[in-house]
Amino acid sequence: MSNQSGNGLVLSVPPSPPAKEMPQKPAPLSLPASRPGTATTEPPNRPLPATPTAKTAPSRPVTASSDAFSPKKPSPAARPPPLRPQAPLRMNPPTRPGTAASQVSTIGGPKFAGSTKRLSWGSIASSRRPIKYGQGKYRNVELVPQPSDDPDDPLNWPMWKKELNFFSLLLMVAMTGVMKTIFISVNAQLTERFEVSYTAAAALTGAPLMISAFAGFLCLIASRICGKRPLYLVSLLAVFIGAVWNTNVATSYGQCMAARVFQGLGWGAFDALVLGSIQDTYFEHERGLKVAIYSIVAVSTTWGAPLLGGVASQSQAGFGLQFAILSAFFVVAVPAITLGAPETVFDRAYTLAQTPATAATSKYKVSLPLAPRRLFSLETFNNYVVKMKPYSYTTGVVNGGVLLQAPRAFIAPTTVLLFLISFLPYCVLWGLSSSLSLLFHPMPFVISPGSLGTLVTGPWILATAVVAVFALALPAWHGGHTSGVGHMVTTPGTSVMFTPKTHMVALAGGSVLAFMGVLTFGLHIDASMTRPEGDDGMTSVFALEYLGAHVNFPAVSFMLGLLAAGVYVLDATVRPLIRASTMFTSSNLGVALRNTTDMGAGVGCWRQLFAGVFVIAVPNAVWSWDGLRGVCIGVAIAQMVVAAVVGSVWWLWDENVRRWDGRVMRLVDLDMLKRTGSFFDTD
């Protein structure tokens, strides 16, 4: 087929495009000879296929007529960027506020539908890592923290390994809680058995509490150097020695105190590090339920132990039977911690290095790839045991700034204020509970250890109920929200329910409950033990049996329960306030999680330290009914004053308190903990 131009020339092929549209190319090896055209034909209505040689002759002059009949080569269509399938609007993760690093992004083109979280785009721009999502009903939830590609990353562990680690630590938390209050119902028997004062008997509970506070503080610092697993193993050994030793110290006060010292040394790690291990192992949307279970178990075992311990101590074996029963649980606890609690500290800031993207990593992944299914065999068991080394933590250079993070967190303004608002009711709850034997074991009551244990029923039920309500029934209190698929997902740094107003309501409610509980406890007992007006005052009050009948013991238990409920309502404000502070001051999510663990452990250690002091000191102040009345009135009034002052500080200078947290903890100047990019870049 030939084409005839306006000047009478016949061309066998379309003319080459103008030089401005296509660069000149070398001449082809051969061109077909022109043949005269016999008739004029219509130009083709579609582009001709490309010549195999892809070579064209040098450009020749092009006229208007030739340009009109020459076919145009269409420009190649721009390849669209890879898009993740758009989910319905209600299924998308909620938008979270952006930062300077996320809003000034170097990525061009439209935003992808895979994630609506603008903070994540800063990390993509800097590291080009794919965003990973959950599985199943969490398939539209962006994983926080973002796991690395290392199979040893605790976030990448199979679920059975995570649950085994959680169960192992939870078992030791429960055993630790039982040991703390194991002597509450038998302090009077300890006084008679060891022939010591009641203060010395109460010291068997107070001294381990103070030692555990120091041990927890040291464990937080040591975990920066050696990880958590060696500390768990050493603490397990200390608790095991102390518990077994306590089974056969019926006549030696010194040996009993030495055994309790070993127990206190072991309690520290399981009080201060377990919450950090949960944060190391679970994603943000999985963590809420685990923390709730941990809190409920810790509270229920602590205040429920005297109920059974008092009954067991009424046997011929005495209080040693409690430790004999408790020691039997080490048959499960020792192998559980040894084989089921691997190292959870993992620095993924260096594993998630900012490497260039490749063809395999440039696309977004919907979820984590499923791990290959492995059948249980002797080989797989041996491989698992080989990895369970006592010490397997590897980290970079540890300087003084990193080691001082825990001490600085202990004196941060938020930590100190949280301690001040709750330490009085918390400590007096421990002090009064440890003084129950002093108050009701002598005449005219002569209550047995089993009956004394039932007086703790109120604190056990109400404290557990309050913790369960805030942890399970009100998950939004700790920073959760309901996603589009109908399940609760927590968002870092935010809380749906915890606002300044609800914070003030919680402070007022907890303080009022504590005020009512401690005040009515002292006034009721003092009024019941007051001589009637017709008494001449010559008869000892302990000889008047009718006075003891006036004390309502179920009411006494309920009053202690109100005090415990107030304590744990105030405790419910700890996690949201620490969370808000760390998200405000920390440079990235990894630092925020570490600071959250340090500040939470700081509040707990301060409480444990002063609770031990109150356990030893309160019996000296309440040995008389007037003394009990004075202590309860003084603590109740002091708590209301402290609550008013601390509440005013938070209401007026909330943001300034968080700013001072950053200054005290030196988060701005700590270069080793600062990372470039967005908040979520090196989590």
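Nothing in this text is a laboratory measurement; each read-out follows from the coordinates by a stated rule. Bear in mind that the values here come from a model prediction, so they are computed numbers and not experimental data. All Cβ positions, even for glycine, are placed from backbone atoms using ideal geometry, and neighbour counts span all protein chains on display.
The table that follows gives values for the structure above.
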| item | result |
| --- | --- |
| J(HN,Hα) series, the stretch 624-629, from Karplus relation 6.51 cos²θ - 1.76 cosθ + 1.60, nearest Hz, glycine and proline x | 10, 5, 5, x, 4, 4 |
| Residues PHE470, PHE183, PHE329, sorted so that the one with the fewest Cβ neighbours within 10 Å comes first | PHE329, PHE470, PHE183 |
| Exceeding the 27 Å Cα-Cα cut-off - candidates LYS228/LYS501; LYS137/LYS162; LYS137/LYS501; LYS228/LYS290 | LYS228/LYS501; LYS137/LYS501 |
| Semi-axis lengths, Å, the stretch 208-331, gyration tensor of Cα atoms, sqrt of 5 times eigenvalues | 29, 19, 11 |
| Order of ILE325, ILE421, ILE616 - criterion: other Cβ atoms within 10 Å of each residue's Cβ, fewest first | ILE325, ILE616, ILE421 |
| Residue order, fewest to most surrounding Cβ atoms within 10 angstrom, among TRP625, TRP460 | TRP625, TRP460 |
| FRET E, pair PHE381, SER315, Förster distance 45 Å, beta-carbon r, rounded to 0.05 | 0.60 |
| Karplus-derived HN-Hα couplings along the stretch 598-613 (A = 6.51, B = -1.76, C = 1.60, θ = phi - 60°), whole Hz, x at Gly and Pro | 5, 5, x, 5, x, 4, x, 5, 4, 5, 4, 4, 6, 5, x, 5 |
| LEU523-ASN620 pseudo-label distance in nm [points 7 Å out on the Cα-to-Cβ vector] | 2.9 nm |
| Estimated distance in nm for a label pair at ILE325 and PHE553, the labels positioned 7 Å out from Cα along Cα-to-Cβ | 1.8 nm |
| Whole-number Å³ per residue for the convex hull built on Cα positions in the stretch 119-273 | 155 Å³ |
